[in-house]
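> Shown below is the structure under consideration.
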Amino acid sequence: MHARTLLDSLWPITGWRLWQYRALQAGLLLCGLFLMVTVMSVPLELGEQVIFGVLCFACTWVLNKYPGRLITLVMTFVSLTVSTRYLYWRLTETMHMDKAVDIFFGTGLIVAEIYAWVVLVLGFIQTIWPLQRRPVALNLPIEDWPHVDIFIPSYNEPLKVVKPTVLAAMAIDWPIDKLHIHILDDGRREEFRQFAEEVGVNWVIRSHNRHAKAGNINEALKNTHGEFIAIFDCDHIPTRSFLQMTIGWFYRDPKLAMLQTPHHFFSPDPFERNLGTFGRIPNEGELFYGLVQDGNDFWNATFFCGSCAVLRREPLLEVGGVAVETVTEDAHTALKMHRKGYTTAYISIPQAAGLATESLSAHVGQRIRWARGMAQIFRTDCPLLGPGLTLAQRLCYSNAMLHFFYGIPRLIFLTAPLAYLFFGAHVIQESALMIAAMALPHLSHANQVNSRVQGQFRHSFWAEVYEAVLAWYIFRPTLYAVINPKAGKFNVTAKGGYIERDYFDWGIARPYVVLLSVNMAGMVVGLLRMAALQFGWGDLGVPGLDYKLHDSHDQIETVVLNMLWTVYNLMILGAAASAASETRQVRQSHRVQFGLPVRLQGPGTAPFHAETEDFSEGGLKVRMPDGLAFERDTRLTLWMERGDEPPRFSARVAFRNGRSHGLSFEDMSLEQQMDLVQCTFARADTWLGVQDRHHPDRPAYALAEVCRLGLRGCAQVFLRRKGGAAQPASSASA
C-alpha cells in the first residue's frame, strides 16, 4: 500500500521529467509505430485474440487508475493500435463476398466503420493536449487601453431577450469613453430605437438583410472604428470582467486575430429538459466548449463561434470581414484568418451566458444549419487544400467538418444488424465469436479512453443518442451541400419562446419511430431464426428466412450477436424518441442556481442578512434566517451587495416553502433593471465552476441511464402515445 502511494506521488513528476527529452520522445515514437504496425497485422486465432484483448484491457484498466497526461498518451496509443488492428482485419479478412446482398450491405458497413475510425483518430489528435490557456493582465496605463466596439446583432428576437445583454454590456469594466455598444437591429424595430436612445447606446440598421448576421456585422464594421470588436449574440449576457479577461492576450501576441470564450447556457436545452438531465449530465455542447476548443488552441486552430469572442479589426478587415460564402460564417472567418498566418486563442472560462434552444425542432434546425455550413466550407474552401495552414490546423478543421457527415454512418450502424435478420446478408464474413473477439476490444478501448479524456464534458454512450436524434435530419443537407454548396440560407434560431403544454412531437420524432419499428420487427424475426435453428425448422416458408440448416454462417451465435446489436440500437433510438417528448416551459425568466448575499427588511423588522438560492430577471429565491418567515404577498425591501452603494429593490413574497421564500420584483425602473443584471448575470464570478458541476463519467451508470430513457421512449411510442400531433412552441418572436 505504501509503495503504491509513493508511486502515485512520484510518477507524475519523474515520468513527466523523462518525457521532456526529445531523444526519448523520438525513440518512443519510433518504437510505438513499429509496435503498432506489428500488432496491427499479426493474425491470431480465436483463443489467441481473446487473450490479446483481455491483456490489453487489463493493461489500460490498471493505467487508468493513475493520473497524468503521459498515462493518457499511452492509453490513447493502445486504443489506436487495437482499433487500427480491427479495421485492418475487417479490410483484409472479412470482405470476401460473393452474393450481391452481402456486397451491398457489407460495403455500406465498412465505409461507415472507416469513417468512424478516421473521426476517432482525428478526435484523439485534436484533444490530446488541451492548452488550458489562462488570462493575462493588460499591462498598460488605463489611458492607453484600446477602444472596443461591442456588436449585439438581432433580427426577430423580442426586446426582453436583448435588453439584459445590452444592460450587462454597459456594465463591462472598461473606460466608458472607450466602450462603444451597438445594437445591430436587422428587424428595424421602433421599440429597439427607443430603448437604445433611452440607455444611450447606438442603434444600427441597414436597408436590407443580405447575408443575414454576417452581413449585419460587416455593415457595422464600415461605420465603427474601435481597434477591437467584441460580438455577443443578443441573448448572451456578458460578465463585467469579459474584456479584462481577454484583451491582454492581444498585446502578448501581436499576431492574435481572435480570442474565443465558451458559450454557456443557463437554461436547459431540449435534451436536458425533456430527458430530465439538466445539471446532472453534460449537455451536447459542453464537449466542444469544454475540451475540443481547448485542444484546438494547442494547435493554433481555435474556431470563431459567432459570439462571446473578441476580434482584432485589422485582420478581420484583411480577410474581407465576416465570411458570407457559407451559413457558418464564424468558422469560415477563422479559417480565412489562419490562412493569412494569424493566430487564434481560447480561454475556457465562461464570460457570458445565454438561452438554449427551447424546443427539439428548433434545436434540430440550428444543427442543420451548422452541418450545412461546415459541408459548404469543406466543399468550397477545403482545409486539406490551399495555402497557409499547418498540418495540425488542416486536421483540426477537417475533423470539425467531417464530424457533421455522421448522418449516413449513424443510420447504417442503427440498421446494420437488420441486414442479416431480414435478408440473411452476411455483412462481415467471419464467425460471430471472432467478430466479437475483434470488435469488443476496439469498442471498449475507444470508450475507455474517451471516458478518461472527455468524461467531464460528455458521458459515455450519450454521443450515440445525440447523433441518433440528428442523423436523419443532417445527412440530406450535408450531402446536398457537397453537391451544390450555394444551396441553403441562414436561419435564425428562435430564443425566449414558450411551450404551453406537454406533448410528444410526432413530426420531429417520425424518423426515430420508423427506425424503432423496423428494429422491433428485426427482433421478432431474430426470435423466429433462433426458433428455427433450435427446433430444426429448415423451411419457414417466409422470404428471407429460408436457409440451409447446417450453413456454417447460420448459427445461433450469429443470430444472438445481431439481436444484441439490435437491442442496443433500440435503447439508443428509444432515448432519441424520448427527447421528442416536449415538456411544458412557460417561465418568462429562467432561474440560475447561485448563492448571493442580500440584505432584507420586512414590516416591523430591522434589516437582516440572507442568501439567495437562485435568481432570475424577475425575482429571487431567498433562504431566510432561522425563526424568520413572511406570509405570501408581504412586501419587502431588498438590497443587493455591490460596493459601497448597494442597489435597492421592492419585492413581494410570491411563495413560501419552509425557510425558502420566492420573491418577485415590483415596478423596476430601467436603472434598477440595469442594477439587477449587474449584480447577478454580469458578476465576474457567476459562471465560474459551472464546468465542474457534473459528476465524473461512470460508463456503467451512463449505460444504465441511456437504457432507462430508451425504455421510456419505447413505451411512449408503442404504449401510451403521449399527446397528439406536433404542437410548435409558441414564441414571443413569432
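The values are calculated or read from the model by the stated rules, or taken from the named source; none is laboratory data. Source: prediction; values computed, not measured. Heads up, the Cβs are rebuilt from the backbone with ideal geometry, glycines too, and the neighbour counts pull from every protein chain shown. Accessible surface is based on the protein model in full, side chains and every heavy atom, while ligands, DNA and RNA are left aside. Shrake-Rupley method; radii C 1.70, N 1.55, O 1.52, S 1.80 Å.
Results for (1) in contact (Cβ under 8 Å) with a residue 24 or more places away in the chain; (2) touching a strand residue (DSSP E or B) at 6+ places or on another chain (Cβ under 8 Å); (3) of a type in the set (Phe, Trp, Tyr), shown as yes or no for each residue.
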{"site": "LEU564", "(1), (2), (3)": "no, no, no"}
{"site": "VAL567", "(1), (2), (3)": "yes, no, no"}
{"site": "GLY574", "(1), (2), (3)": "yes, no, no"}
{"site": "VAL592", "(1), (2), (3)": "yes, yes, no"}
{"site": "GLY604", "(1), (2), (3)": "no, no, no"}
{"site": "PRO607", "(1), (2), (3)": "yes, yes, no"}
{"site": "ALA610", "(1), (2), (3)": "no, yes, no"}
{"site": "PHE615", "(1), (2), (3)": "yes, yes, yes"}
{"site": "LEU636", "(1), (2), (3)": "yes, yes, no"}
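> Looking only at helices (runs of 4 or more DSSP H) that fall completely inside segment 188-300, which ones have 3 or more residues that are within 26 Å of the chain's Cα centre (by Cα) and not acidic (Asp, Glu)?
Qualifying helices (runs of 4 or more DSSP H): 212-222, 242-246, 270-275, 293-298.
> Considering each residue of segment 376-400, count those that are crowded, with 23+ Cβ neighbours inside 10 Å, out of contact with any Pro (no Cβ under 7 Å at 6 or more places or on another chain) and farther than 15 Å from TRP299 by Cβ, and give that number.
Summing the residues that are crowded, with 23+ Cβ neighbours inside 10 Å, out of contact with any Pro (no Cβ under 7 Å at 6 or more places or on another chain) and farther than 15 Å from TRP299 by Cβ in segment 376-400 gives 2.
> Are any residues in segment 312-329 out of contact with any helix residue (DSSP H, G or I) (no Cβ under 8 Å at 6 or more places or on another chain) and open to solvent by less than 30 Å² (accessible area, probe 1.4 Å), and if so, which ones?
Listed by number, the list is empty, since nothing qualifies.
> Go through PHE104, PHE124 for me and flag whichever is open to solvent by 70 Å² or more (accessible area, probe 1.4 Å) and touching a residue at least 24 places away in the same chain (Cβ under 8 Å).
Sole residue among the options that is open to solvent by 70 Å² or more (accessible area, probe 1.4 Å) and touching a residue at least 24 places away in the same chain (Cβ under 8 Å): PHE104.
> Restricting to segment 330-341, name every residue that is open to solvent by 10 Å² or more (accessible area, probe 1.4 Å) and closer than 24 Å to ALA371 by Cα.
Within segment 330-341, ASP330, LYS336, ARG339 qualify.
> Let me ask something additional. Checking MET337 against (1) over 24 Å from HIS225 (Cα atoms); (2) among the aliphatic types (A, V, I, L, M); (3) in contact with a strand residue (DSSP E or B) (Cβ under 6 Å, 6 or more places away or on another chain), which single condition isn't satisfied?
Unmet for MET337, out of (1) over 24 Å from HIS225 (Cα atoms); (2) among the aliphatic types (A, V, I, L, M); (3) in contact with a strand residue (DSSP E or B) (Cβ under 6 Å, 6 or more places away or on another chain): (1).
> Here is a further query. Failed condition for ARG372, given (1) of a type in the set (D, E, K, R); (2) in a loop (DSSP other than H, G, I, E, B); (3) surrounded by 23 or more Cβ atoms within 10 Å (Cβ to Cβ), with all others met?
Of (1) of a type in the set (D, E, K, R); (2) in a loop (DSSP other than H, G, I, E, B); (3) surrounded by 23 or more Cβ atoms within 10 Å (Cβ to Cβ), only one is false for ARG372: (2).
> Which pairs turn up if I take residues in segment 234-257 that are closer than 27 Å to ASP186 by Cβ and open to solvent by less than 10 Å² (accessible area, probe 1.4 Å) and look for partners that are among the polar types (S, T, N, Q) and part of a helix (DSSP H, G or I) with beta carbon separation below 6 Å, at least 6 apart in sequence or on another chain?
CYS234/THR165; ILE237/THR165
> Applying the selection to segment 639-666, what residues are open to solvent by 20 Å² or more (accessible area, probe 1.4 Å) and in a strand (DSSP E or B)?
Matches in segment 639-666: TRP639, ARG648, SER650, ARG652, ALA654, PHE655, ARG656, ASN657, SER664, PHE665.
> Can you tell me how many residues within segment 374-389 are out of contact with any helix residue (DSSP H, G or I) (no Cβ under 7 Å at 6 or more places or on another chain) and closer than 18 Å to PHE304 by Cβ?
1
> Could you figure out which of (1) at pLDDT below 90; (2) buried (at least 19 other Cβ atoms within 10 Å of the Cβ) isn't true of VAL677?
(1)
> Which pairs do you get when a residue that is under 17 Å from PHE457 (Cα atoms), found in segment 686-710, comes within reach of a residue that is among the polar types (S, T, N, Q), reach meaning Cβ atoms under 6 angstrom, with the pair 6+ apart or on two chains?
Listed pairs, sorted by first residue: ASP697/SER451; ASP697/SER460; PRO699/SER451; PRO699/SER460; ALA702/SER460.
> Can you spot a residue in segment 129-144 that is touching a Cys at 6+ places or on another chain (Cβ under 6 Å), over 30 Å from GLN49 (Cα atoms) and of a type in the set (A, V, I, L, M)?
Within segment 129-144, none of the residues are touching a Cys at 6+ places or on another chain (Cβ under 6 Å), over 30 Å from GLN49 (Cα atoms) and of a type in the set (A, V, I, L, M).
> Before we move on, is GLU582 among the charged types (D, E, K, R) and more than 18 Å from VAL677 (Cα to Cα)?
In short, yes.
> Related question: Inspect segment 59-68 for any residue being charged (D, E, K, R), surrounded by fewer than 17 Cβ atoms within 10 Å (Cβ to Cβ) and part of a helix (DSSP H, G or I) and give the result as yes or no.
Checked against the condition, which is being charged (D, E, K, R), surrounded by fewer than 17 Cβ atoms within 10 Å (Cβ to Cβ) and part of a helix (DSSP H, G or I), segment 59-68 yields no hits at all.
> If we keep just the residues of segment 413-460 that are aromatic (Phe, Trp, Tyr) and assigned to a helix (DSSP H, G or I), which is surrounded by the most Cβ atoms within 10 Å (Cβ to Cβ)?
Checked segment 413-460; the qualifying residue surrounded by the most Cβ atoms within 10 Å (Cβ to Cβ) is TYR420.
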